[in-house]
Amino acid sequence: MVAYDDHSAQLVTRLKYGGRLGLARLIAEHLVKFSLAVPRDSVIVPVPLHRWRLWSRGFNQSVLIGRTLAEFTGLSLELDAICRKNATPPLYSKSAKQRQKIVKDAFTMPGSSRALIAGKTIVLVDDVYTTGSTSNACAKVLKQGGADKVLVFCWARVLAGEDTI
């Protein structure tokens, strides 16, 4: 993980909005070293996009990163373990409280996913960790669904005191 700054932001922006899909591989290469500390039966779960955002962007950057991380590590990848049931507005420029409120009930777990994650360590993959609102909302659903532990793997993290991007 790197600090979120002008350089790391540029990479994420090029991936998400510039269609530079190969950058997901670069991000996964940086995350693979953290996977050495997770159990071999851990499950990679990318943070899901709502279907409308997926349709407009054409891809989910967290899925691209997660897929490559699974390729590098041999860990299993579950794309449908959780889903985003609510279309949420973009979170950039939102405060921590606003973000938390927006994503509070945005995620759900299909009943069929429970058996796939029960008792497992989940590697939740996202591009940027800003306030933790999205990760926490996803982790809550995963834990309620039976996950033993949820670890967040992300490319960049916004440092304390800089709670919006």
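The values are calculated or read from the model by the stated rules, or taken from the named source; none is laboratory data. Quick caveat: nothing in here was measured; it's all calculated off a predicted structure. Reconstructed Cβ throughout: ideal geometry from the backbone, glycine too, with neighbour counts over all protein chains shown. Side chains included, ligands, DNA and RNA excluded: accessible areas come from the protein's heavy atoms. Shrake-Rupley method; radii C 1.70, N 1.55, O 1.52, S 1.80 Å.
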For Ala70: the one exception among (1) more than 20 Å from Ser133 (Cα to Cα); (2) in contact (Cβ under 8 Å) with a residue 60 or more places away in the chain: (2)
Matching residues, region 139-154, being within 21 Å of Ala24 (Cα to Cα) and open to solvent by less than 20 Å² (accessible area, probe 1.4 Å): Phe153, Cys154
Helices (runs of 4 or more DSSP H) wholly inside region 49-109 that include at least 2 residues being of a type outside the set (D, E, K, R) and open to solvent by less than 40 Å² (accessible area, probe 1.4 Å): 61-73, 96-103
